[in-house]
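First the structure, in the form of structure tokens, and then the observations on it.
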Amino acid sequence: MIVTLLGTGTSSGVPLIGCSCDVCRSLDYRDKRLRVSIHLAVNGHHFVVDTGPDFRQQMLREGISQLDAVIFTHQHKDHTAGLDDVRAFNFLQQRDMPVYGRAEVLEQIHREFEYVFAEHRYPGIPRLQLHEISNTPFEVKGVTFIPIDVLHHKLPVFGFRVSNFAYVTDVNHIAESEQHKLKGLDVLVLGALQRDQHISHYSLEQALGMVERLQPKMTYFTHVSHKMGKHGDVEKELPPTVRLGYDGLKLKL
């Protein structure tokens, strides 16, 4: 399995429009963060978790020309806004795109992309197959995804485990009843927004505390704000088994 961090930034991305802080003016490529998403290549199959506003750019940057399914963590716009661009894969692969999400996510997709589901559809629009998921394992192309139910303030969000890898973004609480799904990991990608506490995201300190509880072999933080600080400076403060993720990072498991 190869996991590519397509984007590791917040809903506003980094640099932030109109901001002149040291991070937003940084020339370090690791401080340039598109909206958060990952690509998984498993046994010849390809999956994307979330299609944010930068989805098209991310696909082009990574040279991705095959996509077997899209899986959504939740319905916020920075995770769904790029869904229209899956039509490129419809054309390439000559089939509908399977899309997986909890009921609330699929309902929002119906509202925001109403034209996709119209009785008389305009030529060239995306073709989607919607599949509702719940907090039970599901299989796509022979690959098992285990949902992890977490909270993003009061909004339920799914993280996902595939084999010994797990991805949990947009999170400020993981119940003990769900933490057991995150034990024994080789790699954990976990949301850590900034240094200060936040109403709906783990701070750096809180994320490090969760890592201490779960004890994965290696952790990469994602959904990183410009308020975290420069990538190179933050990494000097982290334990050896914890790193900041960055756009384009590939993790081989």
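Worth pointing out:
- Pairs meeting the criteria (first residue in the range 60-75 and under 25 Å from V105 (Cα atoms), second residue hydroxyl-bearing (S, T, Y), beta carbons under 6 Å, at least 6 apart or on different chains) are V70/T51; I71/Y100.
- Near pairs, Cβ below 7 angstrom, 6+ apart or cross-chain, from the range 23-42 (assigned to a loop (DSSP other than H, G, I, E, B)) to any residue that is surrounded by fewer than 20 Cβ atoms within 10 Å (Cβ to Cβ) and not small (G, A, S): V23/K230; C24/P15; C24/L16; S26/K230; D28/K230; L34/Q57
- Some residue of the range 73-96 being among the aromatic types (F, W, Y) and under 26 Å from K250 (Cβ atoms): yes
- Boolean, V171 is modelled with pLDDT of 95 or more and within 30 Å of Q93 (Cβ to Cβ): no
- T169 polar (S, T, N, Q), within 27 Å of M1 (Cβ to Cβ), surrounded by 18 or more Cβ atoms within 10 Å (Cβ to Cβ) and in contact with a His (Cβ under 6 Å, 6 or more places away or on another chain): yes
- The range 13-43 - residue that is open to solvent by 40 Å² or more (accessible area, probe 1.4 Å) and under 24 Å from F158 (Cα atoms) and, of those, nearest to the chain's Cα centre (by Cα): R35
- If you go through the range 156-184 and pick out every residue that is part of a loop (DSSP other than H, G, I, E, B) and either closer than 23 Å to K141 by Cβ or aromatic (F, W, Y) (or both), you end up with 3.
- Of the residues making up the range 74-124, just one is under 19 Å from Q58 (Cβ atoms), polar (S, T, N, Q) and buried (at least 19 other Cβ atoms within 10 Å of the Cβ), namely T80.
The values are calculated or read from the model by the stated rules, or taken from the named source; none is laboratory data. In this text the structure is predicted, and so the values were computed from the model without any measurement. A quick note on method: Cβ atoms are made from the backbone with ideal geometry, for glycine too, and the neighbour counts reach across all protein chains shown. For the accessible areas, the whole protein counts, side chains as well, though only heavy atoms, and no ligand, DNA or RNA atoms are used. Shrake-Rupley method; radii C 1.70, N 1.55, O 1.52, S 1.80 Å.
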